[in-house]
1. Evaluate the following for Ala33: is it at pLDDT 95 or above, more than 20 Å from Phe144 (Cα to Cα), small (Gly, Ala, Ser) and assigned to a helix (DSSP H, G or I)?
2. Are any of the residues in the range 143-161 closer than 15 Å to Ser118 by Cα, of a type outside the set (Phe, Trp, Tyr), surrounded by 15 or more Cβ atoms within 10 Å (Cβ to Cβ) and over 18 Å from the mean Cα position of the chain (by Cα)?
3. From (1) surrounded by 13 or more Cβ atoms within 10 Å (Cβ to Cβ); (2) at pLDDT below 90; (3) acidic (Asp, Glu), pick out the condition that doesn't hold for Glu48.
4. Among Arg53, Arg75, Arg70, which is in a helix (DSSP H, G or I), in the same structural domain as Tyr14 (by TED's automatic domain parsing) and without any contact (Cβ under 8 Å) to a residue 40 or more places away in the chain?
5. Can you find even one residue in the range 197-217 that is within 22 Å of Glu88 (Cα to Cα) and not assigned by TED's automatic domain parsing to the domain that holds Glu128?
6. Could you go through the range 201-216 and let me know if any residue there is buried (at least 19 other Cβ atoms within 10 Å of the Cβ), at pLDDT 95 or above and closer than 21 Å to Leu29 by Cβ.
7. Out of Ser249, Ser257, Ser288, which single residue is hydroxyl-bearing (Ser, Thr, Tyr), in contact with a Lys or Arg (Cβ under 8 Å, 6 or more places away or on another chain), closer than 17 Å to Leu202 by Cβ and surrounded by fewer than 18 Cβ atoms within 10 Å (Cβ to Cβ)?
8. Read through the list (1) at pLDDT below 95; (2) outside the structural domain of Arg238 (by TED's automatic domain parsing); (3) touching a helix residue (DSSP H, G or I) at 6+ places or on another chain (Cβ under 8 Å), then give the number of the only condition that Gly145 fails.
Amino acid sequence: MDLDDLQSELTRAYEQNRETLWGLGYRMLGTSADADEVVQEAFLRALERPPARPGPLLPWLVRVTTNLARDRLRRRKLRGYTGSWLPEPMSDARLDPVLSAPAPVESGPGARYAQRESLSLAFLLALEELSPTQRAVLVLRDVFGYSVRECAETLDLSQANVKTTLHRARKAMASYEARRRPPTPSLAAEIARALEQFLTCLATGDVQGVLAALAEDVVLLSDGGGEVTAALLPILGRAKVARFFLRQSAKRDPEGSFTTGSFNGLPGLVFRQPNAPPGFARRFLLLSELDHAGLLSRVLLVLAPGKLSAVEAA
């Protein structure tokens with residue numbers, strides 16, 4: 001095969017598998033920009049240093065993309081972050097092509113997590129508790145259904161190391177498993193009702209109603225990315241989270257508005273504050289998780305401008 005034929009084949013493989021690779025990068029890194037960059041870098045590497053062995057290109061592209069993402073994740077963790085780091089929400093319309101993209105492997109052991117669940121914000125946030133290698137092993141094994149041998153080959157690890165790493169990764173996911181509620185239409189409807197009730201209570205100053213909507217151990221996480229004002233530490237507990245929202249509601253922009261949208265498979269609220277003071281977010285996303293009793297157990301405020309690409313699609 002001459003160089004032109006090889007480049008044509010690589011370009012075709014890239015176009016056919018771009019959404020698969022982007023979905024892998026997004027699950028590994030949690031932002032659209034990072035996923036875009038590792039996929040582009042994988043393709044450039046394929047053009048500059050194509051695989052030596054003939055055969056399907058997708059497994060090779062998965063290997064390169066996974067390891068590029070793992071290296072990028074290591075660097076991000078070393079740099080640190082101002083305040084709470086949250087995954088970038090994506091509109092359902094953006095994720096639909098990912099869900100319909102070809103699977104990285106045709107067969108293998110059953111994955112623990114469905115494709116849609118593995119793109120949920122709750123799942124992506126749980127992955128943040130893992131080391132970069134644990135995250136890569138868990139995504140390959142428990143999301144894409146790779147065998148232990150395939151994980152080992154992709155990550156240049158021994159099979160024994162893969163098994164140990166996977167065991168530790170699954171153990172670190174125990175908190176997620178305890179509150180696990182995969183995205184479904186019924187859960188989406190339940191969240192929509194809970195958010196509507198919560199906002200109504202805030203708007204009317206119904207303190208008891210606000211408290212009743214929150215789980216006792218509710219957690220509020222705010223991500224301003226160091227660009228706009230946000231709580232630097234998690235706000236913990238029903239009373240403190242209620243106090244936070246009641247104070248914010250009392251100071252709300254009279255010209256402010258909100259719309260609803262669906263992000264990563266579940267409802268969220270897009271707030272716009274045209275008169276926000278300098279340093280405060282003029283738009284942000286509010287997303288939530290419900291516990292098994294139907295109470296708000298975790299509330300996410302995504303205020304960082306660089307993580308609001310989904311707002312344009314809402």
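The values are calculated or read from the model by the stated rules, or taken from the named source; none is laboratory data. What you are looking at is a predicted structure, and each value in this text was computed from that prediction instead of being measured. With ideal geometry, Cβ positions are generated from the backbone for all residues, glycine too; neighbour counts draw on all protein chains shown.
1. Spelling it out, Ala33 is indeed at pLDDT 95 or above, more than 20 Å from Phe144 (Cα to Cα), small (Gly, Ala, Ser) and assigned to a helix (DSSP H, G or I).
2. Yes, the range 143-161 contains a residue that is closer than 15 Å to Ser118 by Cα, of a type outside the set (Phe, Trp, Tyr), surrounded by 15 or more Cβ atoms within 10 Å (Cβ to Cβ) and over 18 Å from the mean Cα position of the chain (by Cα).
3. Of everything listed in (1) surrounded by 13 or more Cβ atoms within 10 Å (Cβ to Cβ); (2) at pLDDT below 90; (3) acidic (Asp, Glu), Glu48 misses just condition (1).
4. Criteria check complete, one pass: Arg75.
5. Scanning the range 197-217, I find no residue that is within 22 Å of Glu88 (Cα to Cα) and not assigned by TED's automatic domain parsing to the domain that holds Glu128, so the answer is no.
6. No, the range 201-216 contains no residue that is buried (at least 19 other Cβ atoms within 10 Å of the Cβ), at pLDDT 95 or above and closer than 21 Å to Leu29 by Cβ.
7. Ser257 is the lone residue from the list that is hydroxyl-bearing (Ser, Thr, Tyr), in contact with a Lys or Arg (Cβ under 8 Å, 6 or more places away or on another chain), closer than 17 Å to Leu202 by Cβ and surrounded by fewer than 18 Cβ atoms within 10 Å (Cβ to Cβ).
8. Failing condition for Gly145: (3).
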